[in-house]
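Participant: Quick one: the structure is below, and I'll ask about it shortly.
No value in this document is a laboratory result; all are computed from the given coordinates. Keep in mind the model is a prediction, meaning the values are calculated, not measured. Note that we place each Cβ from the backbone using ideal geometry, even for glycine, and neighbour counts take in every protein chain shown.
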Amino acid sequence: KKKVVHKTSSSDDKKLQNHLKKMGMNSIPGIEEVNMFQDDGNVLHFNNPKVSALIPANTFSISGPSETKSLAELLPNVLSQLDPQSLSGLKKLFSSPAAKNGSIPEAANEQEDVPELTGDFETVAESS
């Protein structure tokens, strides 16, 4: 029989932190969440991750428990994090049959009341 030695995650975490320090990476405290947007419309969501960075090499390490969520689950909180390509993907999501059938969460369907545009701003700008 072979004896199987189970490593604890804390020992693995310590080894990872030691290797990151050897590479010169610095820990960045105070990051509450990290969202990685994937091409298929899903989001890899880390809540309270450990983040290390080596800025001159543009290298980041993110560790901690993660979840794969759909973009609709994280709305409207992630709108400020989206790039134009992701916004166009979001438009496609809402124009899909799933959105018309109501299977997208209510928070994603809500829109703020935007007042109607009144007046001609070009003439006001020209006169000033």
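Participant: Run the simple label-point estimate for LEU79 and THR123 please: 7 Å along Cα→C-beta, distance reported in nm.
Facilitator: Reported label-point gap for LEU79 and THR123 is 3.2 nm.
Participant: Which distance in nm do the two modelled labels at ASP40 and LEU54 give, with both placed 7 Å along the Cα-to-Cβ direction?
Facilitator: Modelled inter-label distance: 3.1 nm.
Participant: Let me ask something else. Taking 25 Å as R0, compute the FRET efficiency from the Cβ-Cβ separation of GLU32 and SER95 and round it to 0.05.
Facilitator: Approximately 0.20, to the nearest 0.05.
Participant: Which pairs in the list LYS14/LYS69; LYS69/LYS92; LYS2/LYS22; LYS69/LYS91 are over 26 Å apart, alpha-carbon to alpha-carbon?
Facilitator: Violating the 26 Å Cα-Cα cut-off are LYS14/LYS69; LYS2/LYS22.
Participant: A follow-up question, please. For LYS22, what charge total do you get from the other residues with a beta carbon under 14 Å from its beta carbon, if Lys and Arg give +1 and Asp and Glu give -1?
Facilitator: My count for the surroundings of LYS22 gives +3.
Participant: Okay, next question. Residues of the stretch 57-71 with backbone nitrogen within less than 16 Å of a virtual label 7 Å along the Cα-to-Cβ line of GLN17, please, listed as ranges.
Facilitator: Within reach of a label on GLN17, which here means backbone N under 16 Å from a point 7 Å along Cα→Cβ, the stretch 57-71 contributes 61-65.
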